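**Q** Pasting in a structure now, in structure tokens, and then I'll have a few things to ask.
The values are calculated or read from the model by the stated rules, or taken from the named source; none is laboratory data. Source: prediction; values computed, not measured. All Cβ positions, glycine included, derive from the backbone under ideal geometry; neighbour counts span all protein chains shown. SASA here: full protein model, heavy atoms, side chains in, ligands and nucleic acids out. Shrake-Rupley method; radii C 1.70, N 1.55, O 1.52, S 1.80 Å.
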Amino acid sequence: MILLTRRATFSASHYYWNPEWSEERNQAVFGRCANRNGHGHNYTLEVTVTGAVDPVTGFVVDLKWLKDLIEREVLDVYDHRHLNLEVPDFARAIPTTENIAVAVWNRLAAPVGSAGGAALSRVRVYETADIFADYFGPDDPSHARGAC
């Protein structure tokens, strides 16, 4: 098996806000990130697929196909958007780095799985150079241990 990773970038704004909480609690938990005007990040996305190398093409998946998929399913939807206000994935989920990774997984898992022998292995989202989240899917064994 080979792990193959494709990287992409997008810029988006967001804020952290739980509508079930008071303004005071949101401010206490999320601090400056609760500013309803939002703030922006230049995100880096890494999409890792796994599979056997095709003996004819030498590919796990065609990288152009994977690039086009990421552009269509993620970048076209998230890039230069206010995630809270413009992206349906976050109508009920706070657009944290963790939730962005899960949402990207949900957008890509089925198409990658239908690409012929490949599977989505990991989605990594960098919010900054120092902050990133990895998601390995709902079947990751660490879920059984309560790690996620």
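**Q** Within the stretch 2-42, count every residue that is surrounded by fewer than 12 Cβ atoms within 10 Å (Cβ to Cβ) and in contact (Cβ under 8 Å) with a residue 60 or more places away in the chain.
**A** Of the residues in that region, 1 qualify.
**Q** Within the stretch 52-72, track down each residue that is buried (at least 18 other Cβ atoms within 10 Å of the Cβ) and modelled with pLDDT of 95 or more.
**A** Matches in the stretch 52-72: L66, L69, I70.
**Q** Against the definition (hydroxyl-bearing (S, T, Y) and surrounded by 13 or more Cβ atoms within 10 Å (Cβ to Cβ)), how does T97 come out, yes or no?
**A** Taking the combined requirement at face value, the residue satisfies it.
**Q** Could you tell me which numbered condition Y78 fails, if it satisfies all but one of (1) open to solvent by 10 Å² or more (accessible area, probe 1.4 Å); (2) within 22 Å of G113 (Cβ to Cβ)?
**A** Evaluating Y78 over (1) open to solvent by 10 Å² or more (accessible area, probe 1.4 Å); (2) within 22 Å of G113 (Cβ to Cβ) leaves (1) as the failure.
**Q** Within the stretch 12-52, work out how many residues are farther than 19 Å from E98 by Cβ and in contact with a Phe, Trp or Tyr (Cβ under 7 Å, 6 or more places away or on another chain).
**A** 2
**Q** Within the stretch 91-114, which residues are out of contact with any strand residue (DSSP E or B) (no Cβ under 8 Å at 6 or more places or on another chain) and either of a type in the set (K, R) or within 25 Å of A52 (Cα to Cα) (or both)?
**A** Across the stretch 91-114, the qualifying residues are R92, N106, R107, A110, P111, S114.
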